[in-house]
Amino acid sequence: MEEEKNHLMSAEEGGLSRDSDDFEQPGSTTQRIGFFNKALGKAIGLFQRPSCNLSAFIVIVIAHWLLFSALLGFASTRNQQDSGSSTSAFAYSPVLNDIDLPFSPKEMFAQRYHNQSIYVGQPSPEVDAAWDRIQEPMIWGVSGDDVRRVGKDASKAVKYDSAWGFGDDLYMVEVDVFHQIHCLNVLRKGLVTNYDYYWGRRWGFEPPLDFKTHIRHCMSLLLQNLMCDADVEIITHEWNEEQPWPFPDFGPVKQCRDFDALLEWAESNKLPHARSRYMKHRPPVGWVRTPMEGDPDNLIGEPTGSREGEDTQRVCIKDC
């Protein structure tokens, strides 16, 4: 219970956000500075008249104060725009209300032949444990205002169960990067080099019905995210001893958020016992339901067999 109280405090703090009302678009910095420079110039002109020293001094003080206030307000508005306006490079995220994730240069590490990363090793319990940590669907709570500010309809979003003891205005969310990593892990397990370890030993070439649809879903999601982010860092080429033609240097330097800091924050703020609560969670009476994306039978196709009480579908290798 103490753990849940701590989570409540953290989740509620994370859910607090600036007013979700749209801000008016200010004029440009140049326009504002130009206006107040003119006012300041007039005040200085007045100050140079011997008969208006006191009045001019007062005008100068007021002009300086107005200039400072305008620039401060513009900077504040610009910061809020950078957190999620339609002209910002980044969409609004309540995560950044709770943790500072500055960008820093990081060189990519993706050697083709000598990559020693734990994430690309031969399938093993150790490799799976490494992936499991960074792909866990960690649930945490945000306010209804935050749900609306990210562009979603709060009437369709799932709330925390009030019986969990976290308040009445927390909605279930997870950070997108962890789902993207989950999808990459799904593709990794489906690779021909890994298939036998994760699927073949149990299912042969007739895995459960959702095997192919899960892979298609993940491939589509990752492609859309790659196209959305559209990294424009350049990849140089080098002369490699192993071949006579140029070879790409797959180690561009990128501006990266501190993923380890995000992971630690997510682990410390996640909903306790999330999986069991998630699977037992049911909609309250009258809650808005969204329609299915289509008839699953038409999208998945007919099963070709059954095993352990589950419908299966043969993976065609050739001559199917």
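Worth a mention:
- Theoretical FRET efficiency, 1/(1+(r/R0)^6), r = Cβ-Cβ of GLU242 and ASP176, R0 41 Å, to 0.05: 0.60
- Label sites at SER306 and LEU222, each approximated as a point 7 angstrom past Cα along Cα to Cβ, lie 3.4 nm apart.
- On the basis of the beta-carbon distance and an R0 of 30 Å, VAL232 and VAL120 show a calculated FRET efficiency of 0.75.
- Computed from label points 7 Å out along Cα-Cβ, the spacing between PHE103 and ASP258 is 1.7 nm.
- Charge tally for GLY190 (other residues, Cβ to Cβ under 13 Å; Lys, Arg +1; Asp, Glu -1): +2.
- Accessible area (Å², per residue) of the stretch 97-235, counting only protein heavy atoms and a probe of 1.4 Å: 62
- Per-peptide average of other Cβ atoms within 10 Å, ordering 302-312, 213-223, 281-291, 133-143 highest first: 133-143, 213-223, 302-312, 281-291
- Rounded FRET efficiency, nearest 0.05, which uses the C-beta distance separating LEU96 from THR193 and R0 of 30 Å: 0.20
- Environment charge of LEU222, counting only residues whose C-beta is closer than 15 Å and scoring Lys/Arg +1, Asp/Glu -1: 0
The values are calculated or read from the model by the stated rules, or taken from the named source; none is laboratory data. For clarity, every value in this text was computed on a predicted model and none was experimentally measured. No Cβ is skipped: glycine too gets one built from the backbone with ideal geometry, and neighbour counts run over all protein chains shown. Accessible surface areas use protein heavy atoms only, side chains included; no ligands, DNA or RNA. Shrake-Rupley method; radii C 1.70, N 1.55, O 1.52, S 1.80 Å.
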